[in-house]
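Here you go, one structure.
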Amino acid sequence: MELYVVRHAIAEDGELDDARALTEKGKKRFEKMVELLGRLDVRFDRLVHSPKRRAVETAELLAGLVDGDLEVSELLTEAPSKALLGLLHGARVAIVGHEPHLSALVAWLLTGASAGAVIELKKGAIARLEGDPVPGGMRLCALLPPRLGRA
Amino acid sequence: MSSARPELRRLSRALDGLRAGPSVEAVHDVRVSCRRLDVFLRLGGRRALRDDLRWLRSSLGALRDLDVIRSLGVPLDEATTRFLAEERRRLAVDARSLARHPRTRALVRALAQLPPLSEEVAQRTVPRLSRRLGEADGARTFTRLHDERRAVRRLRFAKEWLGLDASGERERQALLGVVCDVDALRRFAVSRKAREAARLLSRAVNQLVRLLTR
């Protein structure tokens, strides 16, 4: 499978973490990333996202690239787990979540070990992995930093 | 600007009812809240969370159909009555699990963060919903009537979100609902291989369709 690991775009500060919305700049910049994915003919079978507002809003921007269902999951607000891997089914799946959990997930999928991030995902960045969604079963194919959308 | 909060409170109460029962009202109320919130998202031009709402609503579809059949007051033989009661018990177990399901929990958490509806954006969506109703109007078959019912319901909820008068849509929806309820009974008769009952109900559905599209 192809897995696109997406960190939410730039969000406002705020005391209520769940309620933090994307900033206008965050939305505009991420729209450029979506355009880039569109130019690369990227489509998703499904998209799983965290229930936090900034992740929901990032998922919303990606929704035009999704042919199947969008699904909300609290597992993306926690350290990666086997239950989360259970949600990764399909040929082309995107997940939208938060740090440090996404880096830990990528490390786990690439190396089989969850300790120590192997990559750093900036806000609005996307990592593309391929393989089986099991610990150590995937390889990193691309890392798209947010500035690539503006290039 | 409309907020989704009051509807979310209704959904949460109905989910409590689902966990406790689930009563006929709780099942109905969860489904209605899901539809209302779906229209809220449509009015805001949003796609995220709509699939989750559809999942929750449709997971209760079989139980709701069964409740509708039981509520029609049609005299049924003992075996069918027993079958319906056993089916309801079975589906009730699934409904209780659904109320505790992680996806339901995540959905409620995400809905709690929805910003109020921008009326400017919402007003742009209403004509589209009206057009959909126009396309479904003039139905001559049950399927088209079913489409019309869906379109009327969406337009009704949209108008209610925007504080507009939706009495016409409410009335039409209730009328179309009668046909759909009789059709639920017809489908049940077919599934139970009650051929004569299915034939009579099919005739009743066709007559109702003709009456409503005259």
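Residues of the range B:81-94 being touching a Leu at 6+ places or on another chain (Cβ under 9 Å) and open to solvent by 70 Å² or more (accessible area, probe 1.4 Å), which ones?
B:ASP94
For the range B:44-80, give me each residue that is within 14 Å of chain A (Cβ to nearest Cβ) and either open to solvent by less than 40 Å² (accessible area, probe 1.4 Å) or more than 16 Å from the chain's Cα centre (by Cα) (or both).
Residues satisfying the conditions are B:GLY44, B:GLY45, B:ARG46, B:ARG47, B:ALA48, B:LEU49, B:ASP51, B:ASP52, B:LEU53, B:LEU56.
Taking the residues in the range A:58-72 that are buried (at least 24 other Cβ atoms within 10 Å of the Cβ) and facing chain B (nearest Cβ under 8 Å) as candidates, determine which candidate is farthest from A:VAL6 (Cα to Cα).
Looking at residues that are buried (at least 24 other Cβ atoms within 10 Å of the Cβ) and facing chain B (nearest Cβ under 8 Å), I get A:VAL72.
Select from the range B:95-111 the residues that are within 14 Å of chain A (Cβ to nearest Cβ) and open to solvent by 30 Å² or more (accessible area, probe 1.4 Å) and write down the one among them that is nearest to B:PHE157 (Cα to Cα).
B:VAL108
Among the numbered conditions (1) more than 14 Å from chain B (Cβ to nearest Cβ); (2) closer than 18 Å to B:PRO115 by Cα; (3) open to solvent by less than 50 Å² (accessible area, probe 1.4 Å); (4) free of Cβ contacts under 8 Å to residues at least 60 places away in the same chain, tell me where A:ASP18 comes up short.
(1)
Looking at B:LEU164 and the list (1) open to solvent by 50 Å² or more (accessible area, probe 1.4 Å); (2) in a helix (DSSP H, G or I); (3) among the aliphatic types (A, V, I, L, M), which single condition is not satisfied?
(2)
Among the residues of the range B:119-149 satisfying the criterion of being at pLDDT 85 or above and either within 11 Å of chain A (Cβ to nearest Cβ) or open to solvent by 10 Å² or more (accessible area, probe 1.4 Å) (or both), which is farthest from the chain's Cα centre (by Cα)?
My answer is B:ASP147.
The values are calculated or read from the model by the stated rules, or taken from the named source; none is laboratory data. This one's a predicted model, so the numbers in the text were calculated from it and none came from an experiment. Every residue, glycine as well, gets a Cβ built from its backbone with ideal geometry; the counts of neighbours run over all protein chains shown. Ligands, DNA and RNA are excluded from the accessible area calculation, which covers all protein heavy atoms including side chains. Shrake-Rupley method; radii C 1.70, N 1.55, O 1.52, S 1.80 Å.
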